[in-house]
Amino acid sequence: MVSAAGTLRANPRELPRTWVAVCLALVAIGVIAFVGGLLRDPATAWRAFHVNFLYFTTLSLGGLMLSCALVIIGAHWAGPLRHVAEGLAAWVPVGFLLLLVQFFGRETIHANWIHGAPPGKEGWLNIARVYTTDIALLGILTALTLVYLRTSFRPALGGAGERAERAKGLFASWTRGWRGEDEEAAASVRRLKVLAPICALVYAFGYTIFAFDQVMSLNPTWFSNIFGWYFTWAGFLNGVAATALVCVLLARSPDWDALITRSRLHDLGKMIFAFSIFWMYLFFAQYIVIWYGNLPEETQFFRSRLGTQFLQETWHWVWTNLDQPYVKLSLTAWLGCWVIPFVVLLGQVPKETKPILGSVALISLLGFWLERNALVWPSLVPGDGLAWFGAIQIGVALGFLGSFALVFLVFSRVFPTLPLPDRS
């Protein structure tokens, strides 16, 4: 692909040892926490696994969707920043493997219906249907992700195998039948315009079913038609926030300092600002219908997370409601996901200021991690508002974080590496 900065070319480099050491330490903590949890408290270990599997897999797909959106609308402003979002998608195959691992925790994760679904839902809520469908859906998304990444990165990989010290076989595989930079760039553009809408549609509709199965069904008597869209949009917003945070960090690199411009940061900031508003709109659209309907099978979702405060006929704030289970968790997540991004990024300057934009992006990512906890734990442990917090839970989360960061580092630095303008 060609940008205003010139031809993009991959430049394989060694991994940063300090960052790799930190990632490996986090992975070790996660493995110890999970294995120790399986021995002492398997229910908590599997629930923590489920939360973080959902969070990081959805985030990685959100990065892919951001790239797809840029391709579909023909946005050229992002330049090489589009490949940063694609780097986040390198986790998707790992997420697929983790779904297979999660199958062994099905008795705990789906305890509310595995031994008997509510009347009328037996055909939908059974392990054979759920995991056959979800493994197939995530498998299709994984295959599409690999094809998409290969198509997007291939034009920048010409000759990269000769410059690389590692992964020469993979470089050779991804550049087999090389036809020259110009022809490869044109072919990549044509194929991406076909692949991007396919990926987006499979994510929008297929991952919605995944959200119904893996999140909404945790409370099998509750349902909301809009929940799948709410869940998948959060993943897209997460992909934007993670891309912005990585770009702010990359701006300190000599190779990227000229590419992370104020205008590009401003555009990423506008996306976080606008898309957080739409996320809040989806949340409110789901909430207001349930509020005025006031049906017990619907209101139970909000009662277990926000308490009775938000279900009263005449709304007025009562501070004692904060002591109800999960209310503090849910409100803190709400602050991080919408209130802070909305307030801080209202003006132009904050969107262009690296420390401010990076901080807001980080807060948003943390907010959505809390929100994923608020989606899962109240359905499985409704009476204990601190069930989501503990040594096992935090340890497993750190392990997932280290794994995710390590995959991104390997993908972005070794193979296929984030392309940069050719300075030769």
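The values are calculated or read from the model by the stated rules, or taken from the named source; none is laboratory data. Note that the coordinates shown come from a computational prediction; the quantities given were computed from them, not determined experimentally. Glycine also receives a Cβ, built like all others from the backbone with ideal geometry; neighbour counts cover every protein chain displayed. Each accessible area value is taken on the protein alone, full model and side chains, heavy atoms only, with ligands, DNA and RNA left out. Shrake-Rupley method; radii C 1.70, N 1.55, O 1.52, S 1.80 Å.
When the residues of the range 165-203 are filtered to those that are touching a Phe, Trp or Tyr at 6+ places or on another chain (Cβ under 8 Å) and of a type in the set (A, V, I, L, M, F, W, C), which remaining residue is modelled with the lowest pLDDT?
The first filter runs over the range 165-203 and keeps only residues touching a Phe, Trp or Tyr at 6+ places or on another chain (Cβ under 8 Å), leaving 166-167, 170-171, 174, 184, 192, 195-196, 199.
Now drop any that are not of a type in the set (A, V, I, L, M, F, W, C), which leaves 167, 170-171, 174, 192, 195-196, 199.
Values: A167: 75, L170: 81, F171: 82, W174: 85, L192: 96, L195: 97, A196: 97, C199: 97.
If we take residues in the range 165-203 being touching a Phe, Trp or Tyr at 6+ places or on another chain (Cβ under 8 Å) and of a type in the set (A, V, I, L, M, F, W, C), then A167 is modelled with the lowest pLDDT.
Restricting attention to the range 223-263, and to residues there that are outside any helix (DSSP H, G or I) and buried (at least 19 other Cβ atoms within 10 Å of the Cβ), which single residue is modelled with the lowest pLDDT?
Going residue by residue through the range 223-263, those that are outside any helix (DSSP H, G or I) are 223-226, 251-261.
Filter again for buried (at least 19 other Cβ atoms within 10 Å of the Cβ), leaving 259-260.
Values: L259: 89, I260: 92.
Once the filter is applied, the top-ranked residue is L259.
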Being surrounded by 22 or more Cβ atoms within 10 Å (Cβ to Cβ), over 21 Å from the mean Cα position of the chain (by Cα) and at pLDDT 90 or above, is that true of even one residue in the range 72-91?
no
Looking at (1) in a helix (DSSP H, G or I); (2) open to solvent by 10 Å² or more (accessible area, probe 1.4 Å); (3) closer than 19 Å to A33 by Cα, which is the one condition that is false for G402?
(2)
Pairs needed: first member in the range 39-54, closer than 17 Å to L366 by Cα; second member anywhere, buried (at least 22 other Cβ atoms within 10 Å of the Cβ) and of a type in the set (D, E, K, R); C-beta distance under 7 Å; at least 6 residues apart or different chains.
V51/R372; L54/R372
Every residue in the range 160-202 that is open to solvent by 10 Å² or more (accessible area, probe 1.4 Å), closer than 30 Å to V130 by Cα and not aliphatic (A, V, I, L, M), please.
P197
Based on what the data block shows, is R13 assigned to a helix (DSSP H, G or I), among the charged types (D, E, K, R) and touching a residue at least 12 places away in the same chain (Cβ under 8 Å)?
no
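What is the residue count in the range 117-159 for residues that are among the hydroxyl-bearing types (S, T, Y) and open to solvent by 10 Å² or more (accessible area, probe 1.4 Å)? Don't jump to the end; show me each part of the working.
Taking the range 117-159 and keeping what is among the hydroxyl-bearing types (S, T, Y), we get 131-133, 142, 145, 148, 151-152.
Pick out the ones that are also open to solvent by 10 Å² or more (accessible area, probe 1.4 Å) and you get 132-133, 142, 151.
The qualifying residues number 4.
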